[in-house]
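J.: One structure is given below, represented as structure tokens, and several questions about it will come after.
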Amino acid sequence: RSDAIADIGCGTGLYTRRLHEYVRPTRPILCVDPVPAMLDQLPAAPGLQPVLARAEDLASGRVALPDGVPLDAIIMKESIHHLASRRDTVAGLVRLLSRHGRILIVMLPRAIDHPLFRAAHERFQERQPDPTEIEDIVVGAGLRCSVTYRTFHATIERERYVHMLESRYMSVLSEFSEDDLRAGIEQFRRSYPDPVLRFDDHFAFVKGWVGSGGR
């Protein structure tokens, strides 16, 4: 509970607020995101402290940590693919860790079972790094590392999922024009006619820690 924690690429804090509920830390969790509209949706809670910055800003020192304290835990959930220079940024973030610090990078594998249209699947696979690549980067930054995988079974109504596609719920969807997205959704409707969708959601957990501790 006394750890200094940062959720980098927190978005609206959907997962950060749950983390706060479980851990009940004695100091605020730093909610780091470069988009003001995302941080504006954080709950107005003393346990969540918004920080307007990119991961690269913290890693390079362009944005300093509040109070200048080292971090005991860094979480990056589904944001590692946004980094332009993953190796340099991860190395810079590792330098912010305390002597018993650790970093957890939660990411999708390159091949996913999400019910997307074909072009979105292809574009995702082109853009998404492989978890083994991220493992090598974490090890190269001087940390010990482990990679584990977990599968979650998802069930969702098709029309609700269509609305998610229309709102570009995955960042890869933002790369498609309105016309291309509309055509992709039509292809999706033909490929997935059932009113309820069932699919597996796979995640990789890349954990790095300083020295022999942190497990």
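J.: Dipole of the chain, Cα-centred, from +1 at each Lys and Arg C-beta and -1 at each Asp and Glu C-beta, to the nearest 20 debye? Walk me through the intermediate numbers first.
T.: Values: 28 positive and 29 negative charges, 158 e Å.
So the dipole magnitude of the chain works out to roughly 760 debye.
J.: Next question. For the range 1-127, take every pair of Cα atoms, bin their distances at 5 Å starting from 0, and report each bin as a whole percent.
T.: Calculated P(r), rounded to whole percents: 2, 10, 20, 22, 19, 13, 8, 4, 1, 0.
J.: If the viscosity is 1.306 mPa s and the temperature 10 °C, what Stokes-Einstein diffusion coefficient in µm²/s follows for the chain when Rh is the Kirkwood radius over Cα pairs? All intermediate terms of the calculation are to be shown ahead of the outcome.
T.: Numbers: Rh = 18.5 Å.
Calculated translational D: 86 µm²/s.
J.: Let me ask you something else. Leaving ligands, DNA and RNA out of it, report the carbon-plus-sulfur percent of the accessible area of the chain at a 1.4 Å probe.
T.: On the way: 5810 of 11640 Å².
On the chain, the fraction of accessible area on carbon and sulfur atoms equals 50 percent.
J.: Moving to a separate point now. So what is the calculated 222 nm ellipticity per residue for the chain, using -39500 (n - 2.57) for each DSSP H run with n of 4 or more, over all residues, to the nearest 500 deg cm²/dmol? Display every interim value, and only then the final one.
T.: Details: 8 runs with 72 residues, N = 215.
Calculated from helices alone, the mean residue ellipticity at 222 nm is -9500 deg cm²/dmol.
J.: Just how large is the dipole of the range 19-77 about the Cα centre, in debye to the nearest 20, putting +1 at every Lys and Arg Cβ and -1 at every Asp and Glu Cβ? Numbers along the way, then the final one.
T.: Numbers: 5 positive and 7 negative charges, 15 e Å.
I would put it at about 80 debye.
J.: Once the Cα atoms of helix 118-127 and of the chain are each reduced to a long axis, what angle between those two axes, in degrees from 0 to 90 to the nearest 10, is obtained?
T.: With both axes taken from Cα atoms, the answer is about 20 degrees.
J.: Next up: On full extension of the chain, what length is gained from residue 24 through residue 132, given 0.36 nm per residue of separation minus the C-alpha to C-alpha distance? Display every interim value, and only then the final one.
T.: Working: separation 108, 0.36 × 108 = 38.88 nm, distance 3.22 nm.
Length gained, residue 24 through residue 132: 35.7 nm.
J.: Output wanted: per-residue J couplings in Hz (rounded whole) for the range 136-146, from phi through Karplus 6.51 cos²θ - 1.76 cosθ + 1.60, θ = phi - 60°, x for Gly and Pro.
T.: Result, ordered by residue: 4, 5, 5, 5, x, 7, x, 9, 6, 8, 9 Hz.
J.: Dipole of the chain (Lys/Arg Cβ +1, Asp/Glu Cβ -1, origin at the Cα centre): which of 25, 116, 176 lies farthest to the positive side?
T.: Highest projection toward the positive end goes to 25.
J.: Continuing with this model, one more query. Please identify which residues in the range 19-62 have an amide N closer than 19 Å to a label point set 7 Å out from the Cα of residue 95, following the Cα→Cβ vector.
T.: Within reach of a label on residue 95, which here means backbone N under 19 Å from a point 7 Å along Cα→Cβ, the range 19-62 contributes 53-62.
J.: Mean-square fluctuation check for the chain, GNM, Cα pairs under 10 Å: which of 98, 79, 174 is largest?
T.: Highest fluctuation among the options: 174.
J.: Moving on to the next point. If a paramagnetic tag sat 7 Å from the Cα of residue 147 along the Cα-Cβ line, which residues of the range 170-203 would have the backbone N under 20 Å from that point?
T.: 201-203
J.: For residue 177 and residue 123, calculate 0.36 nm times their separation in residues minus their Cα-Cα distance, and state this gained length in nm to one decimal.
T.: Details: separation 54, 0.36 × 54 = 19.44 nm, distance 1.34 nm.
Here the segment from residue 177 to residue 123 would lengthen by 18.1 nm.
J.: If each residue of separation counts as 0.36 nm, what is the full-extension length gain between residue 104 and residue 169 once their alpha-carbon separation is subtracted? Working shown, then result.
T.: Numbers: separation 65, 0.36 × 65 = 23.40 nm, distance 2.25 nm.
Stretched out fully, the residue 104 to residue 169 stretch lengthens by 21.1 nm.
J.: Could you pull out every residue, at least 5 positions away or on a different chain, whose amide H is within less than 5 Å of the one on residue 98? Hs are placed 1.01 Å off N in the peptide plane, and Pro or chain starts have none.
T.: Hits under the 5 Å cutoff: 71, 72.
J.: Oh, and also: What percent do you get for the relative contact order of the chain when only Cα pairs under 8 Å and 6+ apart count? Don't jump to the answer; show the numbers that get you there.
T.: Numbers: 371 pairs, mean separation 44.8, N = 215.
Dividing the mean separation by the residue count of the chain yields 21 percent.
J.: Could you do me a favour and compute the accessible area per residue for the range 1-93, 1.4 Å probe, result in Å²? Intermediate values should be presented prior to the final figure.
T.: Working: 4690 Å² over 93 residues.
Solvent-accessible surface per residue comes out at 50 Å².
The values are calculated or read from the model by the stated rules, or taken from the named source; none is laboratory data. Since the model is a prediction, treat every value here as computed from it, not as a measurement. Don't worry about glycine lacking a Cβ; one is built from the backbone with ideal geometry, like all the others, and counts go over all protein chains shown. Ligands, DNA and RNA are excluded from the accessible area calculation, which covers all protein heavy atoms including side chains. Shrake-Rupley method; radii C 1.70, N 1.55, O 1.52, S 1.80 Å.
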